[in-house]
Structures are given as structure tokens and as C-alpha cells.
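Asks: Quick one: the structure is below, and I'll ask about it shortly.
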Amino acid sequence: MKSGQLAVVAVVLMAAASSASAAPATVNGSNALALAGIVALYSPLLTGDEREAAAALFVGERDVRYRKTITITADRIVCRISNVDITARSCELKFNGRKQTISGRRASEIFATEALAGVAADGAAGSVFESLSKLSCTLDPKAIRQKDGSGASCSFEAEN
């Protein structure tokens, strides 16, 4: 291979690697409701009423009294599950610069919900990671009550 061709291949590979590091994604419907419902539990940015309404919508309660649109945001979520110490699992959630670390079953719930929303796992040195950034979810209680698949959407950048 000539040096010019090699340089072109190297540039293409570097561009692919950098674009893969933060791919934008959007998810709607039940997967968005799951992601928003799980993250809302830990968000210090929500009011108690917003947190309670998001949880109630996620578990399918019929009589959710909250009427306003709920926005759930997170700067970054990084989950790690060990494939060596199979009891080790944790997630670090960052909201407006405030970090919160979750472990055990609750971390597994976040990890599984990220996967459901399309966040790919990446392995390294005995661990499996999933991470996303710039999470923004919107829940519209009125639309969700219509039971037509609408009312929940999330966008984020997948970092793996």
C-alpha cells in the first residue's frame, strides 16, 4: 500500500473512532418512559411532585394527577458491571455537576434500562461499561394517558 493510501485509511479510521465516541441517539415510547422513569428517581433537579409523577407513569398507574410536561435531564451516566467479581455493579449519575453513585440492584436496573434504550456496552479489563451523556427526556402525562404509544421521548449521546 502506498503512503498516500495509508494516510487516507488512517484518517478514515480516526474519524470513525472519534464519531463513535459520542453518537447522538433518540428513543421514544416505552423505552423512553423506562429510561426517564429510572433516571427521575435519582435526579435532584426534579421537584418531589415531578419525581412522583414520573415514577407513577413508569409503573402504569392510571390516575396520575400531575398535568405538566416533565423534563428529566442528566449530564452523564456511566455504569460498570464486573464480569470477574460478578457481585460488583455501580452507576455514577451526574446532574448539573452533582455526582450520585448507585450500586447493587438499582445499578443493575439503570444498566439494563440503558441497554433497552440502545446504549451499547463496551468491555475493558474485567468490566463492562455503558455510558451516555446529555440525556434529555420529556414526559407528557396527558399523551401517555391516551395509551397510543406517545408522550415519552429521550435524546442522548451514547459514549461507547
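The values are calculated or read from the model by the stated rules, or taken from the named source; none is laboratory data. Quick caveat, the model's predicted, so the values are computed rather than measured. Glycine also receives a Cβ, built like all others from the backbone with ideal geometry; neighbour counts cover every protein chain displayed.
Asks: Can you tell which of G104, G149, G97 is loosely packed, with under 15 Cβ neighbours inside 10 Å and over 26 Å from E61 (Cβ atoms)?
Replies: Values: G104 fails: over 26 Å from E61 (Cβ atoms); G149 fails: over 26 Å from E61 (Cβ atoms).
One residue alone meets the criteria, G97.
Asks: Tally time: how many residues in region 38-52 are in contact with a strand residue (DSSP E or B) (Cβ under 6 Å, 6 or more places away or on another chain) and surrounded by fewer than 16 Cβ atoms within 10 Å (Cβ to Cβ)?
Replies: Count: 2.
Asks: A follow-up question, please. Can you spot a residue in region 119-134 that is within 17 Å of C154 (Cα to Cα) and free of Cβ contacts under 8 Å to residues at least 40 places away in the same chain?
Replies: no
Asks: Would you pick out the residues in region 92-146 that are under 17 Å from T26 (Cα atoms) and basic (K, R)?
Replies: Matches in region 92-146: K134 only.
Asks: Give the residue, chosen from A112, A107, A143, that is closer than 19 Å to K94 by Cα and free of Cβ contacts under 8 Å to residues at least 12 places away in the same chain.
Replies: A112
Asks: Quickly run through region 123-136 and pick out the residues that are surrounded by 14 or more Cβ atoms within 10 Å (Cβ to Cβ) and more than 15 Å from R76 (Cβ to Cβ).
Replies: Residues satisfying the conditions are S127, V128.
Asks: For region 6-28, which positions are exposed (fewer than 14 other Cβ atoms within 10 Å of the Cβ) and at pLDDT 95 or above?
Replies: T26
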